[in-house]
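Novice: Before anything else, here's the structure in question.
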Amino acid sequence: MQPMNLECSQDARHRSDAEALSTVCPHDGAPLLVRYAVARLERAALAARPWTMWRYREMLPVGEGDEPVTLGEGATPLLPLGHVAKALGLDAVYVKDEAQNPTGSFKARGMSVAVTVAKRLGATALVAPSAGNAGGALAAYGARAALPVRVYVPRDTPALLVDEMEGYGAEVILIGGLIDDAGRIAAEYARGSGAFNVATFREPYRVEGKKTMGYELVEQLGDVPGTIIYPTGGGTGLVAMWKAFEELERIGWIGAARPAMISVQAEGCAPIVRAFQRGEQSAQRVDDGSTKMWGLRVPGGIGDRLSLRAIRESRGRAVTVTDDEAAEAMRDMHRHEGIDATEEGGATLAALRAFVKEGVPLPTPIVLFNTATSLKYWPR
Ligand SMILES: [Zn+2]
């Protein structure tokens, strides 16, 4: 096992035991982040390894002899945009297509690591709130690990997503309200039942899985991109990639340059964007949050400070797009590029289009993220 610590994201003096099932910082409730005492991973060592995210295992929370709970997640393609980029007068625009993960979404990365660690540290059952894709991924990895899974989802979650979770054997509880309401109920259930809660930023390991998106970008491009445009719900991916770049500099893969991290939210539910615009360190809950983009219908959460910090440190931005702009961009990614984007993926292209229209130059190459397959949301 690579020596590691769990460090509070709010106050680095707060440490937690990496050999116990940890949740958040016991002093202040802030998310915990994994810190590796000996950071070392030779690029040359990767050549012979299979293309899954576990090729970076020295920088993941597993020991040499540990078998990860894996379904072959990660190693998703970085697809150049053709016609759609040309129409904007741009080249060097790519889509990191996370739809090509197990269970069709980027959530697979985080759940693979979270379930691996939870199982090793003795969890006997798992629970999480979900807007859809996290629940599907947790259900699949729970099945793989032979651990029972319960998922709390908003009642209006599309039926196929619920069917998927149940298909992998999870118990699905439909609730009134939004994802953070589901989060409160899941936390209560965890306290009462002893099930381990793998909700976003409520345990330190989903971030570790998600950060492999940053490792892959550097391997695929040879260096960091100029700009990353990322649809932001809970914020794990944004925060995780920012952590990845810090680690990659430590292990000598990259220098001090960083991409501008651009967070995209829905016009109708944009807590991070509003806080960014007001110059605030944390976000206020959006009480009447409404958007057709399920993954972005996140009115608030404990990842807000870390997300805002990453955006600001990267000299990035936080912007909104409307549901219609995102849907139109999604259709263009389907029709003109053959890419299986969701509206959340479309939202990143819609944001790029707005920057071009306003004459805002972005450092290249530009990477858009498509976070999931559109198929689970059909029929439309
Ligand atoms: Zn703390």
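Novice: Taking every pair of distinct Cα atoms and averaging 1/r, then inverting, what Kirkwood hydrodynamic radius in Å comes out for segment 1-132? If you can, show how the numbers build up before the last one.
Specialist: Working: mean 1/r = 0.0576 Å⁻¹.
About 17.4 Å, per the Kirkwood formula over Cα pairs.
Novice: Still on this structure: With labels modelled as points extended 7 Å from the Cα through the Cβ direction, what inter-label distance (nm, one decimal) is found for Ala20 paired with Lys292?
Specialist: In this crude spin-label approximation the distance works out to 4.8 nm.
Novice: Quick check on packing: order 105-118, 305-318, 36-49 by the mean number of other C-beta atoms within 10 Å, highest mean leading.
Specialist: 105-118, 305-318, 36-49
Novice: Within segment 196-235, whose backbone N sits under 20 Å from a point 7 Å along Cα→Cβ of Glu58?
Specialist: 208-224
Novice: Given the peptides 361-369, 125-133, arrange them by the average over their residues of other C-beta atoms within 10 Å, most packed first.
Specialist: Values: 361-369: 20.7, 125-133: 26.4.
Sorting 361-369, 125-133 by mean packing, highest first, produces 125-133, 361-369.
Novice: Tell me, what is the FRET efficiency for Gln281 and Leu78 to the nearest 0.05, using R0 = 30 angstrom and their Cβ-Cβ distance as r?
Specialist: Details: r = 33 Å, r/R0 = 1.09.
Approximately 0.35, to the nearest 0.05.
Novice: Taking C-beta distances below 4.7 angstrom as the pairing criterion, name the unpartnered cysteines of the chain, in sequence order.
Specialist: Cys269
Novice: Using 0.36 nm per residue of separation minus the Cα-Cα distance, give me the extension gain between Asp11 and Arg155 in nm, one decimal.
Specialist: Working: separation 144, 0.36 × 144 = 51.84 nm, distance 3.72 nm.
Value of the extension gain: 48.1 nm.
Novice: Continuing with the same structure: Please list, by residue number, everything in segment 74-111 whose backbone N is under 18 Å from a paramagnetic label point 7 Å out along Cα→Cβ of His336.
Specialist: 79-96
Novice: Tell me, what does the Kirkwood hydrodynamic radius of the chain come to in angstroms if you use every pair of distinct C-alpha atoms?
Specialist: Details: mean 1/r = 0.0488 Å⁻¹.
Every distinct Cα pair counted, the radius reaches 20.5 Å.
Novice: Right, something else. As a test of the formula, what do you get for the chain when each DSSP H run with n ≥ 4 contributes -39,500 (n - 2.57) and the sum is divided by the residue count, at 222 nm and rounded to the nearest 500 deg cm²/dmol?
Specialist: Values: 12 runs with 134 residues, N = 380.
Helices in the chain give a 222 nm mean residue ellipticity of -10500 deg cm²/dmol.
Novice: Normalised by the residues of segment 1-123, what does the relative contact order come to in percent, with Cα pairs under 8 Å and at least six apart?
Specialist: Details: 159 pairs, mean separation 26.5, N = 123.
About 22 percent, as a whole number.
Novice: Could you tell me the relative contact order of the chain? Use alpha-carbon pairs under 8 Å, at least six residues apart, and round to a whole percent. Provide the component values of the computation, followed by the final result.
Specialist: Working: 827 pairs, mean separation 66.6, N = 380.
Relative contact order comes out at 18 percent.
Novice: By how many nm would the segment from Leu174 to Asp28 grow when fully extended, if each residue of separation counts as 0.36 nm and the alpha-carbon distance is taken off? Can you show the working numbers first?
Specialist: On the way: separation 146, 0.36 × 146 = 52.56 nm, distance 3.05 nm.
Contour length minus the Cα-Cα distance gives 49.5 nm.
Novice: Let me ask another. Using alpha-carbon pairs under 8 Å, 6+ residues apart, how would you state the relative contact order of segment 61-220 in percent? Write down the numbers at each step before the final one.
Specialist: Values: 267 pairs, mean separation 39.8, N = 160.
For segment 61-220, the relative contact order is 25 percent.
Novice: Next question. Given a Förster distance of 35 angstrom, what is the FRET efficiency for Ala146 paired with Arg49, based on the Cβ-Cβ distance and rounded to 0.05? The partial results should precede the final answer.
Specialist: On the way: r = 26 Å, r/R0 = 0.75.
That gives a FRET efficiency of 0.85.
Novice: Among the listed pairs Lys86/Lys243; Lys292/Lys357; Lys211/Lys357, give every one whose C-alpha distance is greater than 29 Å. Let's see the in-between values first.
Specialist: Values: Lys86/Lys243 32 Å; Lys292/Lys357 24 Å; Lys211/Lys357 31 Å.
Pairs exceeding 29 Å: Lys86/Lys243; Lys211/Lys357.
Novice: Right, something else. Can you tell which of Gly338, Gly209, Gly359 shows the greatest fluctuation in a Gaussian network model of the chain with Cα springs below 10 Å?
Specialist: Gly359
Novice: Going from the alpha-carbon gyration tensor of segment 233-380, what semi-axes, largest first and in whole Å, does one get by taking the root of 5 times each eigenvalue?
Specialist: Working: eigenvalues 117, 78, 44 Å².
After scaling each eigenvalue by five and taking roots: 24, 20, 15 Å.
Novice: Under the 0.36 nm per residue contour assumption, what length would be gained going from the current alpha-carbon distance of Glu313 and Glu67 to full extension?
Specialist: Details: separation 246, 0.36 × 246 = 88.56 nm, distance 3.57 nm.
Full extension of this stretch gives 85.0 nm more.
Novice: OK, next. Express in whole angstrom the spacing between the alpha-carbon centres of segment 1-39 and segment 142-190.
Specialist: 27
Novice: Additional query: Quick one: pull the percent of accessible area on segment 197-258 belonging to carbon and sulfur, 1.4 Å probe, ligands and nucleic acids left out. Don't jump to the answer; show the numbers that get you there.
Specialist: Values: 550 of 1370 Å².
Of all accessible area on segment 197-258, carbon and sulfur atoms account for 41 percent.
Novice: Here is a further query. Given the peptides 231-241, 247-257, arrange them by the average over their residues of other C-beta atoms within 10 Å, most packed first. Walk me through the numbers on the way to the answer.
Specialist: Numbers: 231-241: 28.1, 247-257: 15.3.
Going by the mean number of other Cβ atoms within 10 Å, highest first, we get 231-241, 247-257.
The values are calculated or read from the model by the stated rules, or taken from the named source; none is laboratory data. Bear in mind the structure is a predicted one, so any value in this text is a computation, not a measurement. Neighbour counts are summed over all protein chains in view; Cβ atoms, including those assigned to glycine, are modelled from backbone coordinates with ideal geometry. Ligands, DNA and RNA are excluded from the accessible area calculation, which covers all protein heavy atoms including side chains. Shrake-Rupley method; radii C 1.70, N 1.55, O 1.52, S 1.80 Å.
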